[in-house]
Each structure stands twice: as C-alpha cells, then as structure tokens.
1. Quick one: divide the alpha-carbon radius of gyration of the stretch 18-60 by 2.2 N^0.38 Å and tell me what you get.
2. Normalised by the residues of the stretch 18-59, what does the relative contact order come to in percent, with Cα pairs under 8 Å and at least six apart?
3. Taking only C-alpha pairs under 8 Å that are 6+ residues apart, what is the relative contact order of the chain in percent?
4. Please compute, for the alpha-carbon atoms of the stretch 16-148, the extent along each of the three principal axes and give them in descending order in Å.
5. Largest first and in whole Å, give the semi-axes of the stretch 84-136's equivalent ellipsoid, each being the square root of 5 times a Cα gyration tensor eigenvalue.
6. Compute the distance from the alpha-carbon center of the stretch 239-318 to that of the stretch 10-30, in whole Å.
7. Using the C-alpha gyration tensor of the chain, what are the square roots of 5 times its eigenvalues, in whole angstrom, with the largest one first?
8. Are there any GluC sites (Glu not before Pro) in the stretch 79-134 that are in a DSSP loop and have at most 15 other Cβ atoms within 10 Å? List them by number.
Amino acid sequence: MSKACLVRGSINIDEVYTLPHIVRPGETIASTGFERKTGGKGSNQAYAAARAGGRVVLDAQIGSDGLAVRDRIAAGGVDVSRVRVIEDEVTGRAIIQRSATGENSIVLYAGANFANPGAKPDLDGFTHLLLQNEIPLKDTLAYLYEAGARAMTSLYNPSPMPTRAVLRTFPWHCLTHLIVNEGELADIAIAFDAAPTAASVADTARAQMRALSAAPGFNPHIVIVTTIGPDGVVLLDPTGGDKRIMAWPAAPVAKVVDTTGAGDTFAGYFVSLLMEMGDDAPLDTVIPICLTACALTVETAGAMESIAARNDVDTRMA
Ligand code: ADP
C-alpha cells in the first residue's frame, strides 16, 4: 500500500486583534489592527505534512463560514475531501488579543470541531494516523483504538493536555509515537509519577522520558520525541535493546521572528518523513530535516503561512 496519513483534528479561524492593551472587564476599546488566519493544530500539522511532500488527508469539521479556510489548506497540498461542513455550526475560533507590549490573550470556541462526536473511524487506505487533542476526546480515542487494531503507525501530539485521570487510562498500547514539548512531557510524566528533574531542561527531558517509558500503565514501545524550543530535540527510541536516548541541537536560525507553529511543523514533517523513508528510517537523517523546517518556521511570522515547502528546507540544508 502506498503511504498516506490521516490527520484527525481541528480547523480554526484565528482572529487576531492588535490593541493598546488587553481589554479589561467592562472596557470597550478600538483595535488598531485585525488579521484573520487559518489555525487549529489539525490543519497546521496536516499542512506541514503536505509541505514536506507526504500524502495527507485532513479529517475535520468546519461551519459554512470556513470554506475559504478549507481552500487555503487545500492549496498547501492537503486532501480536504474529508473536511465536513456542519451547516448549523460555526468554524472553531481563536479570538486573539495582542497588546502593544506583546502580551496575548486568547479565547477559544470549539464550534464545528466538537459537532457530532462519535462518528465511526474509517482508516481504510491509510498507513499513518496523526492526532492532536482539539477534537472530542471520544473521537481521539476511537481513532487511536482503530489504528491500534490495524497495527498502523500512530502519532499523538497531546495539545491541549488531557487531564491526569485521562492520561493514566489512555490507550497507550495503541500508540507508536508520542510527540511533545518539554512542558507536555512533564505533564504526562507527572500523571505517571515519573517526573524526576535534572540540572538542565534537556537532562530533565531525558530523565522523564526514561522514567515514563518504564512506568507501569505506559507503553514501553512508544518512541517519545520531545522538542525543547531553542534546545532542539531529545528522543527516546525504545528499539534495539537498551533504551536509546538521542539528541539534536536546533537548526541555526537567522533571527527568531515568531515561534508559533514550530511544534506543528515538527509533527507534520516528522510523519511525512516516516512515510517517505520508512518508520525505521535513520533518525539522524529524519530529525535534522524536521529541525531545519522548524528553523524556517520560526524565522517567519504566522503559523500555517510560515511552514516552508520541502524544496526550501532542502536548499537550506545544502
Ligand atoms: P512547541 O511549539 O510545540 O512548543 P517547540 O517550541 O519545542 O515546540 O519548537 C519546535 C522546534 O522549533 C524546536 O525543536 C526547535 O527546533 C525550533 N524552535 C522553536 N523555538 C526556537 C527558537 N527560539 N530558536 C531556535 N529554534 C526554535
């Protein structure tokens, strides 16, 4: 079967208002700027996977106000034939206030992302599944169970983080790859009483990945990939006898402009490269490509619109 990834996730419209200061209770102020952008972790990660060159289908829901957003995602190479329009719902929203001093304040509304929970997952024709957590938990779980039953490669970037109770009973046995940043790793590790700390962020991540991987109730076969912002990536590869932990520095960045979407770029590029090179591809080949894509993302303003195409990543690496 040729490789293809289903991304079951969210689509949002991000509405960004620039303001002198974040609005106080009871206050009305005029914004000095307004931008509307395509957002949602599902769409960002699907877009990144497509920009990396992989075949990717986004399984998501919008309201009838989201058609332009859907087209924008499709223009990046994502198959949007499974993006359903829910007529009596609005597309998920992130209302973002950005103050002159750089503070953010964000209101989320799930809208169509949370409509009609419980649809039966259809994973026929897919080799890889990529999940975040901006849809009903019931759906995340149903898709993951189905992927597990089919022994598919399944990747999970838990954001927003489920509760500790959910984390402890989560079907980790169905998952092959966990993609987290250092804060998300700590949240999961704490849920499993597996959260030692060390002198540096990277050493703490190493210790927590080791402890989590060995924790009762977790799945010791999961590849854990932890991105740590400017410090790059640490990864636990459970194959090959002793648990192997590897690390890569972040790719050089000319100037950090906007880190929004960096983690989504990593997740999308990573799944796409697994499809291209095989799940057992040498990580020393795969990870530097992902990190170079992330460097290009942080050099550019915006989320989805800052995700570079594979050609540009290859050129940067040449
Ligand atoms: P998330 O957005 O999920 O928190 P990270 O902040 O860890 O993800 O970013 C993902 C990757 O993007 C990092 O591993 C790194 O390669 C790159 N990156 C993010 N922030 C920076 C930065 N300030 N300088 C250089 N690289 C960065």
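Throughout, read-outs are computed from the coordinates displayed, never taken from laboratory work. Predicted, not measured: the structure shown is a model, and the values here were computed from it. Glycine also receives a Cβ, built like all others from the backbone with ideal geometry; neighbour counts cover every protein chain displayed.
1. The stretch 18-60 yields a ratio of 1.88.
2. Computed over the stretch 18-59, the figure is 27 percent.
3. 17
4. For the stretch 16-148, the Cα extents along the three principal axes come out at 51, 30, 26 Å.
5. Equivalent-ellipsoid dimensions as semi-axes: 30, 16, 8 Å.
6. 32
7. Equivalent-ellipsoid dimensions as semi-axes: 29, 23, 21 Å.
8. Glu87, Glu103
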